[in-house]
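Please find one structure pasted underneath; my questions will follow.
The values are calculated or read from the model by the stated rules, or taken from the named source; none is laboratory data. Note that this is a predicted model, so its numbers are computed, not measured. Here the Cβ is made from the backbone with ideal geometry for all residues, glycine too, and neighbour counts use every protein chain on show. Surface accessibility is based on the protein's heavy atoms, side chains included, excluding ligands, DNA and RNA. Shrake-Rupley method; radii C 1.70, N 1.55, O 1.52, S 1.80 Å.
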Amino acid sequence: MSLFAEVIVDVPTMQTDQPFTYIVPDELLDAIEVGMRVEVPFGEGNRHIQGFVTALSQTSTYEEKLKPIIRMLDLSPVLNQELLALADYMKETTYAFKITCLETMLPSVMKAEYQKKIILKDSSHPIKQYFSENGEMDWQEAEKLGLLNQLKKLRQEGIVELHYVVKKKNKVKKIRYVNSKVTQNNVEDIYQQIDKRALRQKQLVHLLKENTHQPTAFYTKQGVSSTVLKQGEKKGWLTFEEVEAYRDPHQGKVFKKTTALTLNEDQQHAVTSILTAEKKANSEVFLLEGITGSGKTEVYLQTISTVLAKGKTAIMLVPEIALTPQMVERFKSRLGDAVAVLHSGLSQGERYDEWRKIERGEAQVVVGARSAIFAPLENIGVIIVDEEHESSYKQDEAPRYHARDLAIWRGHYHHCPIVLGSATPSLESRARAQKNVYQLLLLRKRADPDANLPSIEIVDLKEEYERKNMSNFSELLQAKIAERLEKNEQSVLMLNRRGYSSFIMCRDCGYVLPCPNCDISLTLHMDTKTMRCHYCGHEERIPQHCPECGSKKIRYYGTGTQKVQEELQELFPAARILRMDVDTTRRKGAHEQILQKFAAQEADILLGTQMIAKGLDYPNITLVGVLNADTALNLPDFRSSERTFQLLTQVAGRAGRAKKAGEVVIQSFNPDHHAIVLAQRQDYETFYEQEMFLRHQSGYSPYYFTVKITCSHQEEQVAAKKMFQIAQVIKSGLSPQSIVLGPTPAAIARVKNRYQYQMVIKYKKEPALSQMLKQILNHSQKDQRKGVYVAIDNEPVNFI
Ligand code: ADP
Ligand code: ZN
Ligand code: ZN
């Protein structure tokens, strides 16, 4: 009997969603499973390429011509049935190739050029003869010896394991333990053997009498060196044991156990509603709308605790920048070792170890950023998306998926509730709740009965300028900061622009230094004395003369966090200031260090970009200042008001979260804008109504669906020509009710030396569109070989 495998292959610039059929060779008959990766011959030259097995069957229509699979690349499926199905859903809804979707779901170490090792878990098994002394075997070695089939079975029995190694970074970490052979019975004899002066040996025996199975560090810390330990081993007082350990990013940190708080009525109603759905295996979507500080996290924690107690698992998504040490601590403290944390602040080795904990079933809760939605958990009891309105849940490269959509898909698959939480829900989610597609759960007041919402004042920056106050700080804000310094309370200041100045300009000829690769000006960074492009990373020295006219009158315009820090220090020389932006948090762990310092009240003022708007929950913050509320308002994006409202509400919510009352000062050139006025009143309801009206008027989401298509090429004409061709095809296939914007050059017409043209399609019902988009995708392979990139973004969250 023969067996055939359908394989989705990975051939760059020749992608197709059509699987290719291969013969499974005899030696792999028992081994190949759906969801494994294999190496197969491909094309004229029989090039060896990788692919995923997506189906197995006993018949095939074109048996004669088929080639056999060369080898398997995994010992077990790397994607289970659920995730394979999820890839199909992703492909259908994001217009990406299936192979891109499959690869996106794997942790990065598995995607990279890897070396694989087989690890022996049971050192008494006869297979050990093939392993090295430390219990490892290279994959190639195992393959050469023809052991893979056997090893695959042993893996199922838990006797061996496969480990993916990237550049030595994630080698299996091992800790050496000391097992004691010293007992009450032999201790006196042992003492007799020891020379009187050998004090360390005596100490060792003493320690061994009381302790066994301690890591070697336990002894070295107490002064017993590794040499003394080795002597002990020789004399038979102890044996060493190597035990595999995870790299724990929180190692050494003690999480003080917390217990469930008594929920208030709103919280209790929320938890009960979610758990009732869970009990009925009902994959209902809940929108948990709760003002900042209303105790949403407590709702999550108690829901997850109950789900875990039933033997189920949970996924909790958090935006990357909200995944602060404080957030992690709250989960670890309540739920303990059941929690695995996945975010980009971890080293590759740490990430891989967290992922393995999940795969082995040792962690039942995954707390993580966007890609944690692919966590290979089984038996999921609840999926939570915190801050569901955050645009970082959408991936901005193919596959352009939204983690919220995938969360809902997985919830349906597992028949479990899905919870979308936010103080300022996206209009899309709120509109669905309005239509009862989602169930709305409201938390209307702050959970801590002593905490009140902060009072918010708006300062009109135009008036400040008229009064000749050219600084970045209004008189009101200066006075309030001074007050805080006096009272030893803390302030948080937000300026959503990093760097020093936003641009430099020649006073004589008006020349602004542009990026050579992008159509945007360079930003001055004083700390490195460079001009930098925030789009492509280009860097050059600050010019002394105008490159255009040679004048020396070069002036700095606009403000960034670096310049504000200087100004702040001049205004308040004694103030201790911390700055948090992309530039100060590049180093691993830097983010945490800044926050820890602030939490320990080793600083008075935390100044930062929107990074600081989320998650901070410190009782001593009583003032929040927004230096310029308009930065997001002027962007050419229909969501700019929504973003501004959300950001202001979030950052204002950092103040007055405990007993001390909080104040907020918002500085703006547009003090009458509805997003700013309603953020001042913390009035989501009215904002929702007004903004929905505007969206209705202008024909945008949630009233219309949108698709954005972008074409880019190094030559402007080529990009434009391709874009217009696509537009013509699409326009001819659309119904008259739909609206097409463009094609036009993108808001930043050139990025990384590529000219960008784009068009946007707005529609309510367009059954033929999906097919057209798929054709564009399929054709994009041919375009790419000519250097034209065509990108389809379904339901884009960013227009620029
Ligand atoms: P959110 O996530 O909605 O912004 P948090 O979950 O951070 O709110 O809660 C804000 C504060 O209120 C936290 O310090 C939390 O410990 C506290 N809190 C939450 N629920 C309760 C409760 N039921 N009783 C007392 N304090 C609570
Ligand atoms: Zn000049
Ligand atoms: Zn650039």
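Can you find, within region 408-428, the residue that is farthest from ligand 2 (Cβ to nearest atom) among those that are of a type in the set (A, V, I, L, M, F, W, C) and crowded, with 24+ Cβ neighbours inside 10 Å?
Cys416
Another question, if that's okay. Mind checking which residues of region 279-300 are buried (at least 22 other Cβ atoms within 10 Å of the Cβ) and over 18 Å from Arg444 (Cα atoms)?
Val285
Could you please let me know if Arg330 is more than 23 Å from Val172 (Cα to Cα), open to solvent by 30 Å² or more (accessible area, probe 1.4 Å), touching a Leu at 6+ places or on another chain (Cβ under 8 Å) and outside any strand (DSSP E or B)?
In short, yes.
In region 378-485, which strands (runs of 3 or more DSSP E) lie fully inside it and hold 1 or more residues that are within 16 Å of ligand 1 (Cβ to nearest atom) and either in contact with a Ser or Thr (Cβ under 8 Å, 6 or more places away or on another chain) or closer than 30 Å to Phe572 by Cα (or both)?
380-385, 418-422, 439-443
Are there any pairs with C-beta distances below 8 angstrom linking a residue in region 521-537 that is free of Cβ contacts under 8 Å to residues at least 40 places away in the same chain to a residue that is in a strand (DSSP E or B) and within 16 Å of ligand 1 (Cβ to nearest atom), with the two at least 6 apart or on different chains, and if so which?
Close Cβ pairs (under 8 Å, with a partner that is in a strand (DSSP E or B) and within 16 Å of ligand 1 (Cβ to nearest atom)) do not exist here.
Read through the list (1) surrounded by 22 or more Cβ atoms within 10 Å (Cβ to Cβ); (2) touching a residue at least 40 places away in the same chain (Cβ under 8 Å); (3) touching a helix residue (DSSP H, G or I) at 6+ places or on another chain (Cβ under 6 Å); (4) closer than 22 Å to Leu616 by Cα, then give the number of the only condition that Glu320 fails.
(1)
On to the next question. Condition first: touching a Ser or Thr at 6+ places or on another chain (Cβ under 8 Å) and either open to solvent by 60 Å² or more (accessible area, probe 1.4 Å) or within 16 Å of ligand 1 (Cβ to nearest atom) (or both). Now tell me which residues in region 508-539 satisfy that.
Asp508, Cys509, His534, Glu539
Return yes when Met505 is within 16 Å of ligand 2 (Cβ to nearest atom), in contact with a strand residue (DSSP E or B) (Cβ under 9 Å, 6 or more places away or on another chain) and either at pLDDT below 90 or open to solvent by less than 30 Å² (accessible area, probe 1.4 Å) (or both) and no when it is not.
Yes: the conditions hold for Met505.
Can I ask one more? Counting only residues that are under 36 Å from the mean Cα position of the chain (by Cα) and of a type in the set (Gly, Ala, Ser), which one in region 36-83 is surrounded by the fewest Cβ atoms within 10 Å (Cβ to Cβ)?
Among residues in region 36-83 that are under 36 Å from the mean Cα position of the chain (by Cα) and of a type in the set (Gly, Ala, Ser), the one surrounded by the fewest Cβ atoms within 10 Å (Cβ to Cβ) is Ala55.
A further question on this structure: Going by what's in this entry, would Val307 be described as part of a helix (DSSP H, G or I), more than 14 Å from ligand 1 (Cβ to nearest atom) and either touching a helix residue (DSSP H, G or I) at 6+ places or on another chain (Cβ under 6 Å) or open to solvent by less than 10 Å² (accessible area, probe 1.4 Å) (or both)?
When the stated conditions are applied, Val307 passes them.
Here is a yes/no grid of residues against (1) at positive phi; (2) among the hydrophobic types (A, V, I, L, M, F, W, C):
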residue	(1), (2)
Leu3	no, yes
Glu6	no, no
Leu29	no, yes
Val34	no, yes
Asn46	yes, no
Ala55	no, yes
Gln58	no, no
Ile69	no, yes
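Say whether the condition of being among the polar types (S, T, N, Q) and in a loop (DSSP other than H, G, I, E, B) is met by at least one residue in region 743-763.
yes
Using beta carbons and a limit of 8 Å, which pairs, at least six apart or on different chains, have the first residue in region 644-655 and in contact (Cβ under 8 Å) with a residue 40 or more places away in the chain and the second one open to solvent by less than 10 Å² (accessible area, probe 1.4 Å) and of a type in the set (Lys, Arg)?
Listed pairs, sorted by first residue: Gln650/Lys614.
Select, from Val707, Val751, Val740, the only residue that is among the hydrophobic types (A, V, I, L, M, F, W, C) and closer than 30 Å to Ala433 by Cβ.
Of Val707, Val751, Val740, the one residue that is among the hydrophobic types (A, V, I, L, M, F, W, C) and closer than 30 Å to Ala433 by Cβ is Val707.
Which of the residues spanning region 682-720 are touching a residue at least 40 places away in the same chain (Cβ under 8 Å) and under 30 Å from Glu663 (Cα atoms)?
Residues satisfying the conditions are Gln682, Tyr684, Phe687, Tyr688, Glu691, Met692.
From Leu86, Leu106, which residue is within 22 Å of the chain's Cα centre (by Cα), surrounded by 15 or more Cβ atoms within 10 Å (Cβ to Cβ) and not in a helix (DSSP H, G or I)?
Leu106
To continue, here is another question. Check every one of the strands (runs of 3 or more DSSP E) wholly within region 512-618 and list those with 3 or more residues that are of a type outside the set (Lys, Arg) and either more than 16 Å from ligand 2 (Cβ to nearest atom) or closer than 30 Å to Ser491 by Cβ (or both).
Here the list reads 523-525, 577-580, 605-608.
Continuing with this model, one more query. Starting from residues that are surrounded by 16 or more Cβ atoms within 10 Å (Cβ to Cβ) and in a helix (DSSP H, G or I), keep the ones in region 777-799 and report whichever is modelled with the highest pLDDT.
Leu777
Moving on. Can you tell me which residues in region 724-767 are among the β-branched types (Val, Ile, Thr) and farther than 15 Å from His713 by Cα?
Result: Val729, Ile730, Ile739, Val740, Val760, Ile761.
To continue, here is another question. Just one of (1) touching a Pro at 6+ places or on another chain (Cβ under 6 Å); (2) under 21 Å from Arg681 (Cβ atoms) trips up Val382, so point out which.
Unmet condition: (2).
Got a sec? Which helices (runs of 4 or more DSSP H) wholly within region 619-698 have at least 2 residues that are polar (S, T, N, Q), open to solvent by 10 Å² or more (accessible area, probe 1.4 Å) and modelled with pLDDT of 95 or more?
The qualifying helices (runs of 4 or more DSSP H) are 684-698.
Return the residue satisfying two criteria in turn: it lies in region 540-562 and is basic (Lys, Arg) and modelled with pLDDT under 90, and of such residues it is farthest from ligand 1 (Cβ to nearest atom).
Result: Lys553.
Counting only residues that are outside any helix (DSSP H, G or I) and touching an Asp or Glu at 6+ places or on another chain (Cβ under 7 Å), how many does region 89-100 have?
The total comes to 1.
Considering only region 466-475, I want to know if a residue exists there that is within 16 Å of ligand 2 (Cβ to nearest atom) and under 30 Å from Ser551 (Cβ atoms).
No, the conditions are met nowhere in region 466-475.
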